[in-house]
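My questions all concern the structure below.
The values are calculated or read from the model by the stated rules, or taken from the named source; none is laboratory data. Everything numeric here is computed off the predicted structure, so don't read it as measured data. All Cβ positions, glycine included, derive from the backbone under ideal geometry; neighbour counts span all protein chains shown.
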Amino acid sequence: MSDRDEAFAEYFAARSGSMRATAYLLCGDWHRAQDLVQTTFTKLYLKWGKVQRQESLDPYVRQVMIRTFIDEGRWGWWRRERPHDTTIDRPAAPGAPIEDRLVLLRALAEVPPRQRAVLVLRYWQDLSIEETAAVLGTTTGTVKSQAARGLATLRAVIGAPVPAE
Amino acid sequence: MEENEFRDALRTVLTQSPEPPPMESSAAVSYGRRATRRRTVLTCTGAVIALAAVTIVPARYLATGPAGDGDIPAAGPATTAPPSAHAMPSDGVPAPDDTKPSWPAEASGDATADTGPRYQKGKKLLADVLKVVPDRYGTPTGKGPDDMDYQWHQAAIENPEWSYLASVTITEESAAGQIHVEVHEPDNQLPAEPCALARSFWEIGGQCQVVEVDGQKIGVTTTTGAAGLDQAAAYRYADGTVVFVAQDRSSNFERPALAEVPFTAQQLAALTLVKSFHIRA
């Protein structure tokens, strides 16, 4: 493996887990989260010669991943899929209500992709409004409005009454 | 749900969601190398690496496809599988022995032509791009470090149209930048609005303005360079053909970046209207 590939592999090993967690919140599914991460890092590999000396790669990689996710023209199937309530190989943490976790993931899936990205960047990545705007290539005003709309959608979905049987 | 409540809920979701085993670095490197070769013209050498990626090729593009087409996609096994190449386990979490990342939906139809009319269109596009490079720049040929070509062209199946990409490394003394021209045939699913179109090029994003050239509206988007490109212009012809022209002060090679981009925004916009870039399907 060349020095370049070794450096790339080292960065991948160090950061892919974190990126995958963010992707999981975006996609609601580990399988698709891994696909998104793989696509992102493939794009990074193509630019590795130019970007590897940046002070911090994380912001660049995060930007690529978010924009890839939002590009619904090529990833329209993200929207057709919803997190499903199935058994899992590994047990959840003790005391963890699976239903609550799935409720939130399902509610997130109802939020349009760009608003969902804003929510994940602001409340999972804890980016500032300005940093979020830079990632998305938009204005701070748009970030604020999309965050507000995203939270409103979550409230509406989570708070919706369960239909009588 | 309030902001802090949502923040806590997100953390709960992650800490309580059973996570698959870590992704493999070696697989990531393999996919990266494969992608590099997809964007690089492969010369006849003994160092061709078999492309084992699972690539989805629409049946009509196989060798037994439309008569007279002649294009032979350099792709992997044809399949009509869904975007993710391997079956989804019923529990939604990849099993420990099934965690190799699959070639994602980007590979749907992402076959490249290595011969035939479409290959020739890509080759001609490269020749036409070289004609618009300002005289003050050099345009090296051959390969640089990491076995990467200074110039390359590609004809690839998108979804569902064909696209043609030509990239040229331009030099000024020791510095190097790049110019890219990418053309999408009609039937593409790219945005119609000029700025949405420009910002969609390689997910460049950026701040966009609409520039008018010869009565035509062209989107020109400018970034800080963080996305790997400095500026891109995009134009959609009435027949649906889309032409992207992008410039980058830096290159894929270990050389200083150009002091400035080779074209002004107005010039870049005008390049989208170069007749020879309007590739007919």
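(1) touching a Phe, Trp or Tyr at 6+ places or on another chain (Cβ under 8 Å); (2) at pLDDT 90 or above: which one isn't true of A:Glu72, the others all being true?
Checking A:Glu72 against (1) touching a Phe, Trp or Tyr at 6+ places or on another chain (Cβ under 8 Å); (2) at pLDDT 90 or above, the one that fails is (2).
Consider segment B:223-241. How many of its residues are out of contact with any Ser or Thr (no Cβ under 6 Å at 6 or more places or on another chain), touching a residue at least 40 places away in the same chain (Cβ under 8 Å) and more than 12 Å from chain A (Cβ to nearest Cβ)?
Matching residues across segment B:223-241 total 6.
Given the criteria part of a loop (DSSP other than H, G, I, E, B), of a type outside the set (Val, Ile, Thr) and more than 9 Å from every other protein chain (Cβ to nearest Cβ), does B:Gly219 qualify? Give the steps one after another, and end with the answer.
Values: part of a loop (DSSP other than H, G, I, E, B): no; of a type outside the set (Val, Ile, Thr): yes; more than 9 Å from every other protein chain (Cβ to nearest Cβ): yes.
Taking the combined requirement at face value, the residue does not satisfy it.
For (1) surrounded by 24 or more Cβ atoms within 10 Å (Cβ to Cβ); (2) facing another protein chain (nearest Cβ under 7 Å), each residue gets a yes or a no:
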| residue | (1), (2) |
| --- | --- |
| A:Asp3 | no, no |
| A:Ala7 | no, no |
| A:Tyr11 | no, no |
| A:Arg15 | no, no |
| A:Ala23 | yes, no |
| A:Leu26 | yes, no |
| A:His31 | no, yes |
| A:Leu36 | yes, no |
| A:Lys43 | no, no |
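So, one more: Of all residues in segment B:161-195, how many are more than 25 Å from B:Val133 (Cβ to Cβ) and touching a Lys or Arg at 6+ places or on another chain (Cβ under 6 Å)? Don't jump to the end; show me each part of the working.
Initial filter on segment B:161-195 (more than 25 Å from B:Val133 (Cβ to Cβ)): B:161, B:186-193, B:195.
With touching a Lys or Arg at 6+ places or on another chain (Cβ under 6 Å) added as a condition, the list becomes none.
Count: 0.
Looking at (1) at the interface with chain A (Cβ under 9 Å from one of its Cβ atoms); (2) closer than 20 Å to B:Asn252 by Cβ, which one does B:Ser167 not meet, given that it meets all the others?
It fails just one condition, (1).
In segment A:134-160, what residues are of a type in the set (Gly, Ala, Ser), surrounded by 14 or more Cβ atoms within 10 Å (Cβ to Cβ) and part of a loop (DSSP other than H, G, I, E, B)?
Once the filter is applied, which keeps residues that are of a type in the set (Gly, Ala, Ser), surrounded by 14 or more Cβ atoms within 10 Å (Cβ to Cβ) and part of a loop (DSSP other than H, G, I, E, B), segment A:134-160 yields only A:Gly137.
I've got another one for you. Got a sec? Which of A:Arg114, A:Arg79 is at pLDDT 85 or above and either part of a helix (DSSP H, G or I) or more than 8 Å from chain B (Cβ to nearest Cβ) (or both)?
A:Arg114
Filter segment B:250-271 down to the residues that are surrounded by 20 or more Cβ atoms within 10 Å (Cβ to Cβ) and within 12 Å of chain A (Cβ to nearest Cβ), then identify the one that is modelled with the lowest pLDDT.
Result: B:Asn252.
Here is a follow-up. Scan segment B:258-280 for residues that are under 21 Å from the mean Cα position of the chain (by Cα) and among the small types (Gly, Ala, Ser) and jot them down.
B:Ala269, B:Ser276, listed by residue number.
Also, I was wondering about something else. What number of residues in segment B:171-216 are crowded, with 19+ Cβ neighbours inside 10 Å and more than 13 Å from every other protein chain (Cβ to nearest Cβ)?
Count: 7.
Right, another one. Restricting attention to segment A:45-57, and to residues there that are touching a residue at least 40 places away in the same chain (Cβ under 8 Å) and over 30 Å from A:Val111 (Cβ atoms), which single residue is surrounded by the fewest Cβ atoms within 10 Å (Cβ to Cβ)?
A:Gln52
Can I ask one more? Can you name every residue in segment B:140-150 that is modelled with pLDDT of 85 or more and either among the small types (Gly, Ala, Ser) or crowded, with 21+ Cβ neighbours inside 10 Å (or both)?
B:Gly142, B:Tyr150
May I ask you to list the residues in segment A:126-147 that are modelled with pLDDT of 85 or more and facing chain B (nearest Cβ under 10 Å)?
Of everything in segment A:126-147, those that are modelled with pLDDT of 85 or more and facing chain B (nearest Cβ under 10 Å) turn out to be A:Asp126, A:Ala134, A:Val135, A:Leu136, A:Ala147.
If you go through segment B:152-167 one residue at a time, do you hit one that is in contact with a Ser or Thr (Cβ under 6 Å, 6 or more places away or on another chain), of a type in the set (A, V, I, L, M, F, W, C), assigned to a strand (DSSP E or B) and modelled with pLDDT under 90?
Looking through segment B:152-167, at least one residue is in contact with a Ser or Thr (Cβ under 6 Å, 6 or more places away or on another chain), of a type in the set (A, V, I, L, M, F, W, C), assigned to a strand (DSSP E or B) and modelled with pLDDT under 90.
For segment B:245-281, give me each residue that is assigned to a loop (DSSP other than H, G, I, E, B) and among the aromatic types (Phe, Trp, Tyr).
Answer for segment B:245-281, where residues must be assigned to a loop (DSSP other than H, G, I, E, B) and among the aromatic types (Phe, Trp, Tyr): B:Phe253, B:Phe263.
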